[in-house]
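Enquirer: I'd like to ask you about the structure that follows.
The values are calculated or read from the model by the stated rules, or taken from the named source; none is laboratory data. As the structure is a computational prediction, the values presented were derived from the model and not from experiment. Here the Cβ positions follow ideal geometry from the backbone for every residue, glycine too, while neighbour counts run over all protein chains shown. Areas reflect the complete protein model, heavy atoms only, side chains present, ligands, DNA and RNA absent. Shrake-Rupley method; radii C 1.70, N 1.55, O 1.52, S 1.80 Å.
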Amino acid sequence: MTAIEQTDAARPRGTRLPRRARRNQLLGAAQEVFVAQGYHAAAMDDIAERAGVSKPVLYQHFPGKLDLYLALLDQHCEALLHAVRSALASTTDNKLRVEATMDAYFKYVEDEGGAFRLVFESDLTNEPAVRERVDRVTFQCAEAICEVIAEDTGLSKDESMLLASGLGGLAQVVARSWLHSDRSVPRDTAVQLLTSLAWRGIAGFPLHATEGH
């Protein structure tokens, strides 16, 4: 169950919930408000009302708006990193790895909760704690891709990291562009097009000590 679904399931005011369930409910409500309004326009009053709780209940779990935003950001950065790592581990065929990784980014931005906006389109990137988290997950995703490139091509870590950063950046920028174009191209087609583009580049590097990829 997603945070948004947990919010819907637990919204009636006055219902007592276990602490973890209440926290998840509040995160779901906060996500809806932050995605719709942005950080600066959102108010704790809006989030409490969306969750169906009083402001004191909200403050029992999160001392301030930034704490709430950072908790959400941590959750969704981890979800992105897990998706990328899972895609890379899903096969040993490198072309399919590229496809799975591209698809992971498309699925991430397509999620109906809009959480990708907190990571890639935040209006709070001038806040050091936010910038650090976004930079960290960007690096971690590139690092996961880098490990595969370095292992299979024999390129140095620095060289592999440059290629990995390019692939990750390509995936997230194009996935967001696709979403903002109202998905005028079917997702599967968009993923295949992007995979073809990326594979034509990365396949140009000879395999190192492995065969059959």
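Enquirer: Filter segment 141-182 for residues that are among the small types (Gly, Ala, Ser), touching a residue at least 40 places away in the same chain (Cβ under 8 Å) and assigned to a helix (DSSP H, G or I); which is surrounded by the most Cβ atoms within 10 Å (Cβ to Cβ)?
Expert: Ala171
Enquirer: While we're on this one: Please work out which residue is nearest to Lys107 (Cα to Cα), limiting yourself to segment 183-212 and to residues that are of a type in the set (Ser, Thr, Tyr) and not in a helix (DSSP H, G or I). Before you say what the answer is, go through the steps one by one.
Expert: The initial filter retains those residues of segment 183-212 that are of a type in the set (Ser, Thr, Tyr), namely 184, 189, 195-196, 210.
Next, from what is left, pick out any that are not in a helix (DSSP H, G or I): 184, 210.
Working: Ser184: 16, Thr210: 30 Å.
Top of the filtered list is Ser184.
Enquirer: Continuing with this model, one more query. Could you tell me whether Ala190 is over 22 Å from Ala30 (Cβ atoms), of a type outside the set (Ser, Thr, Tyr) and open to solvent by less than 80 Å² (accessible area, probe 1.4 Å)?
Expert: The answer is yes for Ala190.
Enquirer: Follow-up question, since we're still on this one. If you take the residues of segment 75-99 that are charged (D, E, K, R) and not in a loop (DSSP other than H, G, I, E, B), which of them is surrounded by the most Cβ atoms within 10 Å (Cβ to Cβ)?
Expert: Filtering segment 75-99 for residues that are charged (D, E, K, R) and not in a loop (DSSP other than H, G, I, E, B), the one surrounded by the most Cβ atoms within 10 Å (Cβ to Cβ) comes out as Arg97.
Enquirer: Could you pull out the residue among Arg183, Arg136, Arg200 that is closer than 25 Å to Gly28 by Cβ and either modelled with pLDDT of 95 or more or over 21 Å from the mean Cα position of the chain (by Cα) (or both)?
Expert: Testing whether each residue is closer than 25 Å to Gly28 by Cβ and either modelled with pLDDT of 95 or more or over 21 Å from the mean Cα position of the chain (by Cα) (or both) leaves just Arg136.
Enquirer: Select from segment 110-136 the residues that are assigned to a loop (DSSP other than H, G, I, E, B), open to solvent by less than 50 Å² (accessible area, probe 1.4 Å) and either within 20 Å of Leu194 (Cα to Cα) or among the hydrophobic types (A, V, I, L, M, F, W, C) (or both) and list them in ascending order.
Expert: The answer is Ala115, Leu124.
Enquirer: Quick one: what pairs do we get from segment 19-38, first residue within 11 Å of Gly113 (Cβ to Cβ), second among the basic types (Lys, Arg), C-beta under 7 Å, 6+ apart or different chains?
Expert: Listed by first residue and then by second, the contacts come to Glu32/Arg50; Val35/Arg117.
Enquirer: Restricted to segment 4-29, and to residues that are basic (Lys, Arg) and modelled with pLDDT under 80, which residue is nearest to Leu70 (Cα to Cα)?
Expert: Among residues in segment 4-29 that are basic (Lys, Arg) and modelled with pLDDT under 80, the one nearest to Leu70 (Cα to Cα) is Arg11.
Enquirer: Answer yes or no: is there a residue in segment 100-109 that is surrounded by fewer than 14 Cβ atoms within 10 Å (Cβ to Cβ) and free of Cβ contacts under 8 Å to residues at least 60 places away in the same chain.
Expert: Scanning segment 100-109, I find no residue that is surrounded by fewer than 14 Cβ atoms within 10 Å (Cβ to Cβ) and free of Cβ contacts under 8 Å to residues at least 60 places away in the same chain, so the answer is no.
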